[in-house]
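Here the structure is laid out as structure tokens; the discussion comes afterwards.
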Amino acid sequence: MKPAGTRPRSAVPAGAAGSTWLRRWSVVAMLLLFMLINYGDKTVLGLAARPIMHEFGLSPSQYGLLSSSFFFLFSVCALAVGLASSRISTRWILLVLALIWAVTQVSVVAASGIGLLLASRIALGAAEGPAQPMALHAAHSWFPNAKRNIPSALIVGGGALGGAIATPLLTVVIVHFGWRAAFLAMFLVGCVWCVLWLVIGRDGPVDRAPAGAAPLPASRVPYRRILLSGTWLGGFTGAFGAYWTSTLMVAWLPSYLEMALGYSTGEAAAIATIPWVAGLILTFTHGALTQWLLHLGVPSRIARGILGGCVLILAGLAMVLLPTVTQPTLRIVLIAVAFSFHGVTFANGQTVNSEISPPAQRGAVLSVSVALVTVAGLLAPYVTGRLVEAADGPAAGFATAFAIPGVLMMAGGVAALFFVRPERDARRIAALAVVKEKP
């Protein structure tokens, strides 16, 4: 007989617990690869910009419009799929998105004019809009709040890893086999992922009630209560500037290095890889540090809000200073800081949004956040192209273009310092959900 007051041991066998651990991290690994492919699909156009512009006779502003077309349906589809995620398994949502990516890449191989390229980018953007929020939503269903920073960092870091791997490899393919071969390579990689996901992909157990227990109540609050909280608004401000920077890096950084700084295609690809590698290391390091601080009992406001805000301020400052520096080594350092530090915002901000959202609304809140933030992606390529075209020279145009995300990131970092208070806003939102459930 057990002594009085002794807590019963878990009924879950050790083997089952080990199986759950393996499944959890296998899903995270697949989601990391999912984001790697996501960024490879986006990056390939920027890497092939010069041969595409030459073949189709595009001006900088026309290429900027082509690049911006990726975001025509990005936000709308992110929002629509996010709202649907409360009723449809993320396993199937992610599979459909990846299949669409693959089809859009292979369609470019047959392009004989700008029309098919434009249609392909619009369709790709529509399918990639929901990608990051759905990947994070899927991962967060396997982890409690205090343990979400590392998987979030890995998934968002998959984008940086995608850039670090895709940039040199796709450049080699473009140089030796032509730009169409690079799109074909991304099609094949996407097909392989889909097959693996059918075997490995599953929804997690965190949001479900234990076996034999009553179903968890589907607590909901008006979305405006979440989206008008200081935490969400503070995070949105920084993420908008960070996404402007991210889009600038994908669409224009290789061209900036060649057109404004005079590097060769190979040198530009090597330098453009540095921010991807630095971003991967920083995003994971920041996620691990944040999770360790939370484990020590440091409030989320400090571990996620203030720390993340400081990193974003540094990124903005580096972006503003970049065009004023002529010393090559220092310039490369500033490129690495400006185009890598901003990435922390995506993992950190969406983890904070999960923290303040009821589980039943988490996927929709993450998707609404992405839908609004990525308006920056619609503007950045085209605005940059217009500025470069209107300036006396490429260097002057890029200097003005870089000042915009630099100021936005610094403003967002300051907003995070003062307004991101996840514990307070989570309590307020939870209280509203409880009141709503009472008869």
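The values are calculated or read from the model by the stated rules, or taken from the named source; none is laboratory data. Here the structure is a predicted model, which means the values were calculated and not measured. All Cβ positions, glycine included, derive from the backbone under ideal geometry; neighbour counts span all protein chains shown. Each accessible area value is taken on the protein alone, full model and side chains, heavy atoms only, with ligands, DNA and RNA left out. Shrake-Rupley method; radii C 1.70, N 1.55, O 1.52, S 1.80 Å.
The table below lists the values:
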| item | result |
| --- | --- |
| Charge dipole (debye, nearest 20) of segment 22-204; +1 at Cβ of Lys and Arg, -1 at Cβ of Asp and Glu | 460 |
| Accessible-area value, I174, 1.4 Å probe, nucleic acids and ligands omitted, Å² | 30 |
| Solvent-accessible surface ranking, highest first, for C310, C194, C77 at 1.4 angstrom | C310, C77, C194 |
| Whether segment 154-203 is rounded, prolate or oblate, judged on the alpha carbon gyration tensor where a/c under 1.5 counts as rounded | oblate |
| Gaussian network model of the chain, Cα within-10 Å springs - most flexible of Q105, Q327, Q132 | Q327 |
| Shape parameters for segment 221-438, alpha-carbon atoms, Rg then Dmax in Å | 18.6, 66 |
| Rg/Rh (Cα only; Kirkwood hydrodynamic radius) as it applies to segment 331-371 | 1.21 |
| Segment 257-270 - phi-based ³J(HN,Hα) in whole Hz, Karplus 6.51/-1.76/1.60, Gly and Pro as x | 5, 7, 6, 8, 10, x, 6, 6, 4, x, 5, 4, 5, 5 |
| Hz values of 3J(HN,Hα) by residue in segment 147-152 - Karplus curve (6.51, -1.76, 1.60), Gly and Pro given as x | 10, 8, 5, 5, x, 5 |
| Solvent exposure, largest accessible area first (probe 1.4 Å, DNA, RNA and ligands not counted), of H176, H286 | H176, H286 |
| Among 117-127, 134-144, the order from most to least packed when residues are scored by Cβ within 10 Å on average | 134-144, 117-127 |
| 1.4 Å probe accessible area per residue over the chain, in Å² | 42 |
| Nearest-10 value in Å² for the accessible area of L32, using the 1.4 Å probe | 30 |
| Residues L83 and T324, FRET efficiency given R0 of 45 Å [Cβ-Cβ distance, rounded to 0.05] | 0.50 |
| Stokes-Einstein translational diffusion, segment 22-204 - Kirkwood Rh over all Cα pairs, 1.306 mPa s, 10 °C, in µm²/s | 95 |
| Percent breakdown of C-alpha pair distances by 5 Å bin, ordered from the shortest bin, for segment 176-307 | 2, 7, 8, 10, 13, 16, 15, 13, 8, 5, 2, 1, 0, 0 |
| Residue (of G266, S367, A426) at the positive-pole extreme of the chain, dipole from beta-carbon charges | A426 |
| Surface share of carbon and sulfur [accessible, 1.4 angstrom probe, percent] for the chain | 71 |
| Cα-based shape type of segment 365-439, given that a ≥ b ≥ c are square roots of the gyration tensor eigenvalues and the cut on a/c is 1.5 | oblate |
| Point-charge dipole on Cβ atoms (K/R +1, D/E -1) for segment 221-438, about Cα centre, debye to 20 | 1040 |
| Sequence-distant residues sharing a close amide H with L73 (under 5 Å, placed H) | A126 |
